[in-house]
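The structure appears below as structure tokens.
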Amino acid sequence: MAISDTQKVDYLWKKIAYGKTKTDSGTNKQGFEESISSPLLIRGDKIWQQSGSIPGSIATASAVVTVYSGTTTVECTEDLTAADNRTWKTNYTDWISPEFGADYIISVYIANSGITGSNKTTQVTIAGNKISAGGLNDDQWYFDYQSGVLHFIGTNIPTAITTNVTGKSIYITGARYTGGIGFGTSSTTTSTTATLGNLYISSNTISSLDTNANINLSPNGTGNVVISGNVNAGNVVTANYFSGDGRLLTNIPASSITGAYSNTNASAYLTTATFSTSGNITANIITANTFSGNGSSITYIAGGNVSGNVTSAVQSHYANIANLVTWANVSSTPTTISGYGITDSYSNTNAGAYLTSYTGNISGGNLTLSGNLIVGGTTTRVNSTVTTLVDPIFEIGGDANGATLSTDDNKDRGLLLHYYSGSSAVDAFIGWDDSNVEFGIGSNVSLTSEVVTWNSYGNVRASYFIGNGSQLTGVAATSATSAISAGTVTANAQPNITSTGTLTSLSVSGNVDFYGANVSLGNVSNLHITGGSNGYFLTTDGSGSLSWAAQTALTATVDEFTANGTYTTFTLSTTPSSENVTMVAVQGVLQPKSSYSLMGPQLTFDAAPPNTAFIEVTTFSGTGGAGGGSSALTWNIASSNATMVANNGYFVDTSGGAKTMTLPTSATLGDTIRINDLAGSFATNNLTVARNGHKIQGIADNLLVDADQSSFGLVYSNSTYGWKVLEL
């Protein structure tokens, strides 16, 4: 069926009136509701500069055309703002339409979503469902080549992607224009370049396309070319005249300076000037406030006129008032300062009284420095009897000039102590061992490149030590009166450890006797006591003596009867110790203990059970444990189906739906399991106890629990009766 006129008009209305792409019918989307732009105007930023290079056939190679087929076939994304699966976006613009050649018309396919790599060729182009431009079964499509949007404009959409179908995508093959975009005519123009006549503009650079051609800026009339920034001319700039600050102009020959301002009489017209030159200035006398630059060739400078930095002042004898020269700024000085035009009062014998800074040897009395002392070189020696430092923090091992270290130099830090052992000189060391990352005290060491080799460690003597002594070894408690230890205390027959404090991880071989006051162990975990056999327990005689005892086996005796509707009393084969060790069921229904009584082996019901009713009485005896059962349960919360483990309890949550709890694969006498309705929802979402090959209440069937707040136990008897229900 052909595209309706209504659809065509709707397309043109949205295209012309709104400059938008039609993605749905006018009923579902009015023009102002369309969101994908498709302008008709010829925008300068969308001009295809190299459209003339587009070949007439898609099969012809071109630098400005990108072909999408085979492995590069484009998988479209659905436009979720339109009706389901009706509009698909390539997410590319500038597709080449058939106006450039008949085979530029796109091909449309339907295939599974997410096909990548070489699979696109086989699964899309070959095996895919190709849809012809005319469409099938009223599923015609329209493709907007400018925006790259495909719209099923017909009454229907293809069956393969009909409403609510997922896992399918539209794939498109065709070609896009990928040449230069924007204003310009050059075949190499990009969005940041343009060509105007013989000028080529690239970013912020303007150049001439003609070799050796000038670029002329010619204002109309009396206008000027005004440049607000600096002009850097690599070669030569020619003009009638220049105005402005010409201080940075260089290589101007004197012959080019004419008029009253030539260099022959410039001084007559310049009252104040600043000269800067990279060459030499030769003159008889130059008078100025300051000079900057190299003054090594300037002679006959009076010392009284010298201030600031003076370099290469070996010829300081030319300064007739040299005491005014600041010595901190004098380099290349002689080793002594007498005999260079300096009077005796300034000789090196008392130069410290007159010099604030000096380089050389100073001999004589005391030297007092009020500033900082910075010492270079490789070795600094202080040959004094007493050395006193006021600074309470003595820093060793920093970087140059006190800077913070940024890398590990692998050098040790500390004090190297020289002593004589009686036969030879020996070095000791106290400080930081960089390689072991610890402090060390060595009585005999060797030093190479500021790295200590520990020949032997020294002893440390102190009143007591504080801190973590867990790494100490060989500590003998020969005189301990109070031993506090986190490790092992070795006592040489010392009964006088009077205060143990807190002992952790204490291992004792032999007997431990506690005398005197009571001993409180507090919370004890991981207590290991030897003796006894597997499964035995500790029991007391009431007088403080503990002994190992074996658990007796838990046994279950089952008696069965058939009621006649008259008898209320039945004789059991064993004598229960109380009602609490019995479990009575009539027709499989567990009876409350208040409904019967015991007198020796006689069990008497309050009322006679119904005629032919099956009665089952289970009597338990023993403390349990030998048969695999356990009185202590491990409780778990089950919010999903699970296989239960013997001697565990389960809080089962069926608030989210019915659950199935499966009994263990194997079971032994006395194995116990308890189940509790955690959310009180068994009536709404039933619990099924799967028998897993065993009988329940002697019946080969699963147990269905449909009462809220149910809480019951199951104990295993034997293969005949299987798991018995303790209560409900």
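The values are calculated or read from the model by the stated rules, or taken from the named source; none is laboratory data. Here the structure is a predicted model, which is why all the values come from computation and not from measurement. So basically every Cβ, Gly included, is an ideal-geometry build from the backbone, and we count neighbours across all protein chains shown.
Assorted remarks:
- Residue-level check: of (1) in contact (Cβ under 8 Å) with a residue 12 or more places away in the chain; (2) of a type in the set (A, V, I, L, M); (3) loosely packed, with under 13 Cβ neighbours inside 10 Å, A82 misses just (3).
- Picking from residues in the range 641-676 that are within 14 Å of A690 (Cα to Cα) and among the polar types (S, T, N, Q), the one that is nearest to the chain's Cα centre (by Cα) is N641.
- Screening the candidates I157, I201 for the property of being among the β-branched types (V, I, T), modelled with pLDDT of 65 or more and in a loop (DSSP other than H, G, I, E, B) yields one hit, I157.
- Within the range 572-586, the set of residues being surrounded by 19 or more Cβ atoms within 10 Å (Cβ to Cβ) and either of a type outside the set (A, V, I, L, M, F, W, C) or not assigned by TED's automatic domain parsing to the domain that holds A608 (or both) comprises P576, T582.
- Total residues in the range 561-583, condition farther than 14 Å from T604 by Cα and in contact with a helix residue (DSSP H, G or I) (Cβ under 6 Å, 6 or more places away or on another chain): 0
- Pairs meeting the criteria (first residue in the range 591-606 and under 18 Å from K724 (Cβ atoms), second residue in a helix (DSSP H, G or I), beta carbons under 8 Å, at least 6 apart or on different chains) are K593/E579; K593/N580; Y596/E579.
- Criterion: of a type outside the set (D, E) and touching a residue at least 40 places away in the same chain (Cβ under 8 Å) - qualifying residue of V375, V451, V437: V451
- Set side by side, the residues G360, G376 differ, and just one is under 27 Å from V451 (Cα atoms) and at pLDDT below 80, which is G376.
- Residue count for the range 56-76, restricted to those that are more than 16 Å from S107 (Cα to Cα) and within 40 Å of the chain's Cα centre (by Cα): 0
- Qualifying residue in the range 92-101 (condition: exposed (fewer than 14 other Cβ atoms within 10 Å of the Cβ) and of a type in the set (D, E)): yes
- When residues in the range 552-593 are screened for being in contact with a Phe, Trp or Tyr (Cβ under 6 Å, 6 or more places away or on another chain) and among the polar types (S, T, N, Q), 2 of them pass.
- The range 374-408, subset within 15 Å of D434 (Cβ to Cβ) and loosely packed, with under 10 Cβ neighbours inside 10 Å, residue farthest from the chain's Cα centre (by Cα): I396
- P601 being at pLDDT 95 or above, over 26 Å from D708 (Cβ atoms) and not hydroxyl-bearing (S, T, Y): no
- Screening S69, S37 for residues that are surrounded by fewer than 19 Cβ atoms within 10 Å (Cβ to Cβ) and more than 20 Å from K20 (Cβ to Cβ) leaves exactly one candidate, S69.
- Of residues in the range 40-66 being among the β-branched types (V, I, T) and touching a Lys or Arg at 6+ places or on another chain (Cβ under 8 Å), the one surrounded by the most Cβ atoms within 10 Å (Cβ to Cβ): V65
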